[in-house]
There are 2 protein chains.
Amino acid sequence: MVTIYDIAAKASVSAMTVSRVINNTGKISDKTRAKVKRVMDELNYVPNQMARSLVLQQTHILSLLITDIMNPFYTTLSRGAEDAAIKHGYRLLFGNSDENVQKEAAYINTLLTARVDGVLVAPAGDPSLPHLEKLRKHEVPFVLIDREVPGIECDIVLGDSKEGARALVEHLIAHGHRNIAILNGSSSISSARLRLQGYLEALKLNDLPIDDTRIYETSFGPMNDLSEMDRWLSRMAPLPTAIVAGNNALALEIIRLLRSKGLSVPDDISVVCFDDFGPYAELDPFITVAAQQAYQFGYLGMQMLIERIKEGSDAGPWRKIVLPAELIVRRSVKSV
Amino acid sequence: MVTIYDIAAKASVSAMTVSRVINNTGKISDKTRAKVKRVMDELNYVPNQMARSLVLQQTHILSLLITDIMNPFYTTLSRGAEDAAIKHGYRLLFGNSDENVQKEAAYINTLLTARVDGVLVAPAGDPSLPHLEKLRKHEVPFVLIDREVPGIECDIVLGDSKEGARALVEHLIAHGHRNIAILNGSSSISSARLRLQGYLEALKLNDLPIDDTRIYETSFGPMNDLSEMDRWLSRMAPLPTAIVAGNNALALEIIRLLRSKGLSVPDDISVVCFDDFGPYAELDPFITVAAQQAYQFGYLGMQMLIERIKEGSDAGPWRKIVLPAELIVRRSVKSV
DNA sequence: TATTTTAAAGTTATCGATAACATTTTTATC
DNA sequence: GATAAAAATGTTATCGATAACTTTAAAATA
């Protein structure tokens, strides 16, 4: 491993001079600079970021912790976050919690030992509170995306889940649906709660009855037990004419389930959901969705995080960005 | 920031004793161990990985460098790689080169300064050679996935691109197609070259003519210029009855283009492609594909990388794993 | 009880860089 | 040409941990 001392020796200067050349600090004669640079090239020198970080007390690494790397909402969000991070000269450490609070906790411990400069987190849910408090205690700046966690004050980028859900349900009602079920994520997740609220409000405003058997909660993740979902469907008599899915992954699952039972979407049951399918919407622009601005979630969140890091302790008040969702009407809703 | 010295002072022991407690090394009395642990808890101590890495000369961080984080082939692969890395106690730094050699180069420089223990790379193409040589020169173990790079010998996980492409073309021929075009990735990418070879061989074996105007090369990435692709289509008279897309992203693009021109898939033109669509195949199981074992690419590649790191210099010969592709017949091919 | 052995600590140097201060060299000014 | 000012370079301490060696205390043996 080539170090600045090797460079220094071969160029007959001190290590400090080499450091100055590398960082372009202090005053150095052109002759010395050229000589040092030549030796650095010859020896293929690469600075050691560990050593640097140890002295400087900052790593210039940020982290993005998402809950499902297979979900296009999060991959698109990742692109936004990465673009913003790179633009400001940071590197990005990705993590994937799989909607699992334990995995998330382990990941945050790792980030703490790695001394990352900041974290952009889509928390697994309300039980993420202790980890976030741990970050706070260790003074690691963080910004939440997509989900609020009661008990923690911080910068946050949210989608307008309630309004988006309302729009989806109103759309169904406008197409004559009266018997609308909702397949949602866990109520320990703020966005799921708000989507349920939007659903309930829309029903109330249209004087439709609320029926608890038509509300089903499971994981937003992609690995649900379809047989349980199946039992839920069976419990409903009559079947709903439309189902609102709390996110895109759930929409795919319910559609798969319905098809496996010989039911057609939308001929037998209409399905709408939160979040679009990224480039895969092209596959067959089929499902009517409340599309969120995934890229912006990542980009704006990362930007806030970096600003917060640069401000340091003289920080302003917490900021909250709420991005609207856009209803994209496709072919998964039938008029009844 | 709490350090082992703070712990040491408060527990009235030396820093070395604290270090021993943390790492469970050396001999320590139960009483001392308990006391140190208590103080560590009280002060919320978290070890500094930078300092540790500096001494130990290893970071326990691995990196996965992919070319398109939005592509389900790579996100699925990422899951496999992550699972294998975590299983062996490593952390994973993700990177996204966007099929861009410059971006890849920058990323590899970063990895070098971060002193990661190893890298799993899906190289942007043959021009990635210099970066890989740089890794080699700095003795950073790496494993290639999905794409070979002439000039570099290393462990590698590949898909059987030639055979997969042949199977796709044979499938088309079996359905009566005689006029088959190919929309492929850049010929600077080994897998694209092999897919073209498979295509050509299948045509030859079936005594079909080869027509250069029916072969079009662009980027595997998701941001192609459709107008140029459009001009390619226009140059072909008559239009092909079927198109083989070199990967899933290209399939989506050509389908979008065809639809925008009022052409239907498969009624007017059949389309098949390499790589499946992950969970989005559920959206509408529509396109006939040669599906690769994406998860295994990541899992096996990461496993090889970790073995290579642990073996150290007494390494065995380079290993090459070739995973077959599976033809999944759906509804994007019409018999003619 | 004296001596050896083992257990349980402590000291010092080191990893590779940079900050802060110190010194030497060069250039400018009178 | 002497002196001050500025430019260029060097020295030392430090970041937070661990390895290698050393010392001290306790237990085992003669």
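Every number in this text was worked out from the coordinates using simple rules, so none of it is lab data. Everything numeric in this text was worked out from a predicted model, so none of it was measured. Virtual Cβ from ideal backbone geometry, glycine too; neighbours counted across all protein chains shown.
Specify the inter-centroid distance of the stretch B:3-81 and the stretch A:42-70, based on alpha-carbon positions, in whole Å.
Centre-to-centre distance over Cα atoms comes out at 16 Å.
Residue by residue through A:275-287, how many Cβ atoms from other chains fall within 10 Å of the Cβ on average?
Working: counts 0, 0, 4, 5, 11, 12, 3, 9, 14, 8, 4, 3, 2.
Taking the mean over all residues of the peptide, I get 6.
Over the stretch A:161-292, what is the relative contact order in percent, taking alpha-carbon pairs closer than 8 angstrom and at least six residues apart?
That works out to 27 percent.
Within straight cross-link reach of residue A:334, meaning Cα distance under 20 Å, which lysines are found once same-chain residues fewer than 8 apart are removed?
The qualifying lysines are A:261.
Of all DSSP beta bridges in the protein assembly as shown, what percent run antiparallel (nearest 5)?
Percentage antiparallel, nearest 5: 10.
Taking residue A:264 in one copy and the same position in all the others, each labelled 7 Å out along Cα→Cβ, what are the pairwise distances from the first, in nm, shortest first?
Ordered by distance, the counterparts are at 1.5 nm.
What nm distances, shortest first, do you get from the label point of residue B:55 to those in the other copies when the point sits 7 angstrom along Cα to Cβ?
Here residue B:55 shows inter-copy label distances of 2.0 nm.
If you find the alpha carbon centre of the stretch B:191-217 and of the stretch A:197-233, how far apart are they in angstrom?
That distance is 51 Å.
List the extent of the Cα atoms of chain B along each of their three principal axes, largest first, rounded to whole Å.
For chain B, the Cα extents along the three principal axes come out at 87, 40, 30 Å.
On a 0 to 90° scale, report how tilted helix A:190-205 is relative to the longest principal axis of chain A, with both axes built from alpha carbons and the result rounded to the nearest 10.
Taking the Cα atoms of chain A, the angle to A:190-205 is about 30 degrees.
Ordered by packing density, taken as the mean number of other Cβ atoms within 10 Å over each peptide's residues, highest first, how do B:81-88, A:274-281, B:180-187 rank?
Result, highest mean Cβ count within 10 Å first: A:274-281, B:180-187, B:81-88.
I need to check one value: relative contact order of chain B, counting alpha carbon pairs closer than 8 Å and at least 6 residues apart, in percent.
On the way: 609 pairs, mean separation 65.1, N = 336.
The normalised contact order for chain B reaches 19 percent.
Where nothing but the Cβ of Lys and Arg (+1) and of Asp and Glu (-1) is charged, how large is the charge dipole of the stretch A:4-47 around its Cα centre, in debye to the nearest 20?
Result for the stretch A:4-47 is approximately 200 debye, rounded to the nearest 20.
Quick check on chain B: of the DSSP beta bridges with both residues there, what percent are antiparallel, nearest 5%?
Counting only bridges with both partners in chain B, antiparallel ones make up about 10 percent.
For a footprinting-style exposure proxy, rank A:61, B:210 by other Cβ within 10 Å, fewest first.
Final ranking by Cβ density, sparse to dense: B:210, A:61.
Using a 10 Å cut-off on Cβ to Cβ distances, tally the other chain neighbours for every residue of A:43-53 and report the average as a whole number.
Values: counts 0, 4, 0, 9, 4, 7, 10, 13, 5, 3, 7.
Counting other chains' Cβ atoms within 10 Å and averaging over A:43-53 gives 6.
Please give the net charge around residue A:182, taking every other residue with its beta carbon less than 10 angstrom from that of residue A:182, where Lys and Arg add +1 and Asp and Glu add -1.
Here the count lands on +1.
What is the magnitude of the charge dipole of the protein assembly as shown about its Cα centre, with +1 placed on the Cβ of each Lys and Arg, -1 on the Cβ of each Asp and Glu, and no other charges, expressed in debye to the nearest 20?
Dipole about the Cα centre, nearest 20: 2060 debye.
Within 10 Å of each Cβ in peptide A:64-74, how many partner chain Cβ atoms are there on average? Round it to a whole number, please.
That average works out to 3.
Can you list residues from other chains, or at least 5 along the same chain, whose modelled amide H is less than 5 Å from the amide H of residue B:321?
B:156, B:157, B:158
Is there a quick way to get the dipole size of chain A? I mean about its Cα centre, with the Cβ of Lys and Arg at +1 and of Asp and Glu at -1; what is the value in debye to the nearest 20?
Result for chain A is approximately 1320 debye, rounded to the nearest 20.
Straight distance only, please: which lysines reach the Cα of residue A:134 with their own Cα at less than 30 Å, same-chain residues fewer than 8 apart left out?
A:87, A:103, A:162, A:310, A:320, B:10, B:31, B:35, B:37, B:87
When the Karplus curve 6.51 cos²θ - 1.76 cosθ + 1.60 is applied with θ = phi - 60°, which whole-Hz ³J(HN,Hα) does each residue of the stretch B:182-188 get, with x for Gly and Pro?
Per residue, the Karplus-derived 3J(HN,Hα) values read 10, 10, 10, x, 4, 6, 7 Hz.
Treating only the Cα positions of the stretch A:171-292 as identical point scatterers, give the base-10 log of I(q)/I(0) from the Debye formula at each q in 0.09, 0.13, 0.21, 0.22 Å⁻¹.
-0.22, -0.47, -1.36, -1.51
Using the 7 Å Cα-to-Cβ label point, sort the distances from residue A:12 to its equivalents in the other copies shortest first and give them in nm to one decimal.
Ordered by distance, the counterparts are at 5.7 nm.
For the stretch B:30-121, what class follows from the C-alpha gyration tensor (a ≥ b ≥ c being the square roots of its eigenvalues): rounded when a/c is under 1.5, otherwise prolate if a/b is larger than b/c, else oblate?
Verdict is prolate for the stretch B:30-121.
Let me check I've understood the local charge: for residue A:97, count other residues with C-beta under 13 angstrom from its C-beta, Lys and Arg +1, Asp and Glu -1. What total comes out?
-3
Can you give me the distance in nm between label points at residue B:331 and residue B:9, each placed 7 Å from the Cα along the Cα-to-Cβ direction?
Going from the residue B:331 label point to the residue B:9 one covers 7.2 nm.
Please name whichever of A:174, A:229, B:118 sits farthest to the positive end of the charge dipole of the protein assembly as shown, dipole taken about the Cα centre and charges placed at Cβ: Lys and Arg +1, Asp and Glu -1.
Of the options given, the answer is B:118.
What does the net charge come to around residue B:281 if you take all other residues with beta carbon closer than 12 Å to its beta carbon, with K and R at +1 and D and E at -1?
The answer is -2.
Sorted from fewest to most neighbouring beta carbons within 10 Å, what does the list A:2, B:119 look like?
Working: A:2 17, B:119 24.
Result, fewest neighbours first: A:2, B:119.
So which residue, out of A:282, A:253, A:170, gets the largest mean-square fluctuation from a GNM of chain A using Cα contacts under 10 Å as springs?
Between A:282, A:253, A:170, it is A:282 that shows the largest mean-square fluctuation.
Measure of size requested: the Rg and Dmax of the protein assembly as shown, with Cα atoms as the atom set and Å as the unit; please supply both.
27.6, 87
For the stretch B:104-199, compute Rg over Rh where Rg is the Cα radius of gyration and Rh is the Kirkwood radius from the inverse mean 1/r over Cα pairs.
1.13
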